[in-house]
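Working notes for the structure below.
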Amino acid sequence: MNRKFLFAKTVIQKAGIFIKEQMQHDFLIEEKADETDLVTSLDKQCQAMMIEAIRDAYPDDHFLAEEDDIRHLISKGNVWVLDPIDGTVNFIAQGDHFAIMMAYYEEGVGQFGLILDVMRGILYAGGGQFDVYANDTRLEPYQQRDFKRCLVGVNAQMYLENTAGIRDFTALALGVRIYGGAGISMTQVMSGKLLAYFSNIAPWDYAAAAIMGEKLGYSLLTVNGEKPDFKTRQQVMFVPTKALGVIQSLVH
């Protein structure tokens, strides 16, 4: 497994270099579901590059990936979950605050996850049998703190609509942060800079953080407290396992 983990680090770092080089040039932007659901030609090219590298090394492995309708159940075989650019709107509008994400599962069990904060050059990687690191710094497990001394990350629409009482819950914290990308937001949780994160996201958005977070004492669940289905977009929460009971009593 160590060999595969090191290989994954190499693939995601090469993908990050590719994105940083290519974003200096013109690229195509397309709408998917609506005018705020965007995809670029670089999303597709980056994903294709990652899949090609993995297939060359591990031809029997499968993929669950955001672009081009590549879908495989994580419960069947060896499965790589890929998000070539998480936070595409940030990528287009700011050229910042976006990530590349990879996760690896065997028969539905997460083995390791990786999230690369591209512009800051920070690779969050680990989970399963591996400690979680941000580059060379090992991340510490969740340390309990008073909610009033914590910030909470949340999806803007869910906050505005007070979905599941999330806005009410955030009133108990020190404040709210909206980063516009699941990957960046969940690295802030794992780094202890956010207490929790709530959003409406797809499997490739949460797969890597779910594996790393479990190692650090966090749970990735739907806002109803169920395991996500790894098939559809769902309203989820990424929260400290020790605080799960309290949070569930407030978010419903």
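The values are calculated or read from the model by the stated rules, or taken from the named source; none is laboratory data. Everything numeric in this text was worked out from a predicted model, so none of it was measured. Cβ: placed from backbone, ideal geometry, glycine included. Neighbour counts: every protein chain shown. Note: accessible area is taken over every heavy atom of the protein model, side chains too, but ligands, DNA and RNA are not part of it. Shrake-Rupley method; radii C 1.70, N 1.55, O 1.52, S 1.80 Å.
Between TYR104, TYR142, which is closer than 22 Å to PHE7 by Cα, aromatic (Phe, Trp, Tyr) and in contact with a strand residue (DSSP E or B) (Cβ under 9 Å, 6 or more places away or on another chain)? Even if it seems obvious, please write down each step before you answer.
Working: TYR142 fails: closer than 22 Å to PHE7 by Cα.
Testing whether each residue is closer than 22 Å to PHE7 by Cα, aromatic (Phe, Trp, Tyr) and in contact with a strand residue (DSSP E or B) (Cβ under 9 Å, 6 or more places away or on another chain) leaves just TYR104.
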Options THR241, THR222; residue that is open to solvent by 40 Å² or more (accessible area, probe 1.4 Å), within 25 Å of PHE112 (Cα to Cα) and at pLDDT 95 or above: THR241
Within region 72-99, restricting to residues that are outside any helix (DSSP H, G or I) and free of Cβ contacts under 8 Å to residues at least 24 places away in the same chain, the one that is farthest from ALA15 (Cα to Cα) is HIS72
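Being among the charged types (D, E, K, R) and out of contact with any strand residue (DSSP E or B) (no Cβ under 8 Å at 6 or more places or on another chain) is the filter here; which residues of region 219-241 pass it? Don't jump to the end; show me each part of the working.
Quick first cut of region 219-241, residues among the charged types (D, E, K, R) only: 226-227, 229, 231, 233.
The answer is GLU226, ASP229, LYS231.
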From the option list LEU244, LEU250, LEU172, LEU221, single residue qualifying as farther than 30 Å from ASP68 by Cβ and under 21 Å from the mean Cα position of the chain (by Cα) is LEU244
Criterion first (closer than 30 Å to MET1 by Cα, surrounded by 12 or more Cβ atoms within 10 Å (Cβ to Cβ) and modelled with pLDDT of 95 or more) does VAL154 satisfy it? no
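Touching a helix residue (DSSP H, G or I) at 6+ places or on another chain (Cβ under 9 Å) and more than 27 Å from ARG3 (Cα to Cα): which single residue out of LEU64, LEU28, LEU116 fits that description? Write out each step before concluding.
On the way: LEU64 fails: more than 27 Å from ARG3 (Cα to Cα); LEU116 fails: more than 27 Å from ARG3 (Cα to Cα).
Within the list LEU64, LEU28, LEU116, the selection yields LEU28.
Which one of these is under 18 Å from ALA208 (Cα atoms), in a helix (DSSP H, G or I) and at pLDDT 85 or above: GLN45, GLN13?
Numbers: GLN45 fails: under 18 Å from ALA208 (Cα atoms).
It is GLN13.
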Only one of (1) within 24 Å of GLY127 (Cβ to Cβ); (2) out of contact with any helix residue (DSSP H, G or I) (no Cβ under 6 Å at 6 or more places or on another chain); (3) not in a strand (DSSP E or B); (4) not small (Gly, Ala, Ser) does not apply to LEU194, and that is (2)
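So which residues in region 104-137 are of a type in the set (A, V, I, L, M, F, W, C) and either under 27 Å from LYS76 (Cβ atoms) or open to solvent by less than 40 Å² (accessible area, probe 1.4 Å) (or both), if there are any at all?
Pass one, region 104-137, residues of a type in the set (A, V, I, L, M, F, W, C): 109, 112, 114-116, 118-119, 122-123, 125, 130, 132, 134.
Those that are of a type in the set (A, V, I, L, M, F, W, C) and either under 27 Å from LYS76 (Cβ atoms) or open to solvent by less than 40 Å² (accessible area, probe 1.4 Å) (or both): VAL109, PHE112, LEU114, ILE115, LEU116, VAL118, LEU123, ALA125, PHE130, VAL132, ALA134.
Could you run through region 79-99 and say how many residues are touching a strand residue (DSSP E or B) at 6+ places or on another chain (Cβ under 9 Å), on the phi < 0 side of the Ramachandran plot and crowded, with 18+ Cβ neighbours inside 10 Å?
Pass one, region 79-99, residues touching a strand residue (DSSP E or B) at 6+ places or on another chain (Cβ under 9 Å): 79-89, 91-92, 97-99.
If we keep only those that are on the phi < 0 side of the Ramachandran plot as well, we get 79-86, 88-89, 91-92, 98-99.
From what is left, the residues that are crowded, with 18+ Cβ neighbours inside 10 Å are 79-86, 88, 91, 98-99.
Result for region 79-99: 12.
Here is a yes/no grid of residues against (1) out of contact with any Cys (no Cβ under 7 Å at 6 or more places or on another chain); (2) open to solvent by 30 Å² or more (accessible area, probe 1.4 Å); (3) in a strand (DSSP E or B); (4) of a type outside the set (Gly, Ala, Ser):
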{"site": "PHE198", "(1), (2), (3), (4)": "yes, no, yes, yes"}
{"site": "ASP205", "(1), (2), (3), (4)": "yes, no, no, yes"}
{"site": "ALA209", "(1), (2), (3), (4)": "yes, no, no, no"}
{"site": "GLU214", "(1), (2), (3), (4)": "yes, yes, no, yes"}
{"site": "ASP229", "(1), (2), (3), (4)": "yes, yes, no, yes"}
Considering each residue of region 225-252, count those that are farther than 18 Å from ASP205 by Cα and in contact (Cβ under 8 Å) with a residue 40 or more places away in the chain, and give that number. 8
Which numbered condition PRO59 misses (of (1) assigned to a loop (DSSP other than H, G, I, E, B); (2) within 29 Å of TYR218 (Cβ to Cβ); (3) open to solvent by 40 Å² or more (accessible area, probe 1.4 Å); (4) of a type outside the set (S, T, N, Q)): (2)
Please give the number of the condition ASP146 fails out of (1) open to solvent by 10 Å² or more (accessible area, probe 1.4 Å); (2) within 29 Å of VAL246 (Cβ to Cβ); (3) modelled with pLDDT of 95 or more. (3)
